[in-house]
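Asks: This is the structure I want to talk about, given as structure tokens.
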Amino acid sequence: MQIRRATKHALLDHTHGVLQDMTNRLHGLGKKVGLRISDGKTKTMTVGKQHVMPPITLDNQNIENVHKFQYLGSYMAEDGDVEVDIRTRIGKASSVFQRLQPIYSKHIKLQLYSSIVVPTATYACETWKTTARATKMIDVFQHHCLRRILGISWRDHITNDEAMTRSGQKALHDIVATRRRRFIKHILRLPPARLASLAIEWRPEDGNRNIGRPKRTWQDTLKKIWR
């Protein structure tokens, strides 16, 4: 019996020609060992505002270009925004939270919330940039969960801070910040040639941008942490 395992690979480059060559070489090497690149599951995405690039081909067939895709459990968008990933994580955490409703004990619910719901909601949060909108999204989700666990209604006129105190939980945005700081410390210890280290020093190329305030980046979050 022959067993085949599906694996995921990400190819990155700045130019179309190099990326096409990398795809061809990976396809050729895979065939030699009995592996095949799935044309239906393979996608391409251009990150940032750049000129329209020709499609990458696989066996003379164009690979679909997408605006976002999921890789290793996280969603990535062409504009580098994290809100798509945050909404996805909150959606999955909400689904997990709904399964806790048949449990009557508030104490057990809080324990399961901490051990299951919170990790689901904050998966890969180390790479999220800090914005007021992102912080509000995760905090609103947490307040909703804790109020349902504690049986607090809006008619009770109990603030979110009081609900947090009663539950004994730590704010989700503080959990995200702690994990991000720990993650950054690991990156700073890596050799300069590693991709994670290069990402910290990367600067966008000169070019035109839209009128208005530039979008906050992960690097901006890094600078704010180490001020």
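Asks: Apply the Karplus curve 6.51 cos²θ - 1.76 cosθ + 1.60, θ = phi - 60°, to the phi angles in the stretch 56-61 and return the couplings in whole Hz, x for Gly and Pro.
Replies: With coefficients 6.51, -1.76 and 1.60, one gets 7, 10, 9, 6, 6, 10 Hz.
Asks: Of K185, K170, how do they rank once you tally other Cβ atoms within 10 Å and put the fewest first?
Replies: Fewest to most other Cβ atoms nearby, the residues stand as K185, K170.
Asks: Going down the table (K109/K170; K92/K136; K109/K129; K32/K68), which pairs top 20 Å between alpha carbons?
Replies: Cα-Cα > 20 Å for K109/K129; K32/K68; rest within.
Asks: Check L58: other-chain or 5+ apart residues with amide H under 5 Å from its amide H, H built from backbone geometry?
Replies: Distant-sequence amide H within range of L58: I63.
Asks: Whole-Hz Karplus ³J(HN,Hα) for the stretch 150-156, in order, using 6.51 cos²θ - 1.76 cosθ + 1.60 and θ = phi - 60°, x for Gly and Pro?
Replies: For the stretch 150-156, the Karplus-derived couplings read 7, x, 9, 9, 5, 5, 6 Hz, x marking Gly and Pro.
Asks: Pop out the ³J(HN,Hα) list for the stretch 117-128 in order, Karplus 6.51 cos²θ - 1.76 cosθ + 1.60 with θ = phi - 60°, rounded to Hz; leave Gly and Pro as x.
Replies: My calculation for the stretch 117-128 gives 5, 4, x, 5, 6, 10, 4, 6, 6, 4, 9, 7 Hz in order.
Asks: For H143, H16, what's the fewest-to-most ordering of other Cβ within 10 Å of each Cβ? Intermediate results must be reported in sequence, preceding the final value.
Replies: Numbers: H143 19, H16 15.
In order of increasing Cβ crowding within 10 Å: H16, H143.
Asks: How big is the stretch 83-180 by Rg and Dmax over its Cα atoms, in Å?
Replies: Radius of gyration, then largest Cα-Cα span, for the stretch 83-180: 13.1, 38 Å.
Asks: Going by amide H atoms built from the backbone, whose H comes under 5 Å of the H on T130, apart from near neighbours?
Replies: Answer set, sorted by chain and number: T221.
Bear in mind that the values in this text are calculations on the coordinates, not laboratory data. Computed from a predicted model, the values in this text were never measured in an experiment. Cβ coordinates were reconstructed from backbone atoms using ideal geometry, including for glycine residues, and neighbour counts include every protein chain displayed.
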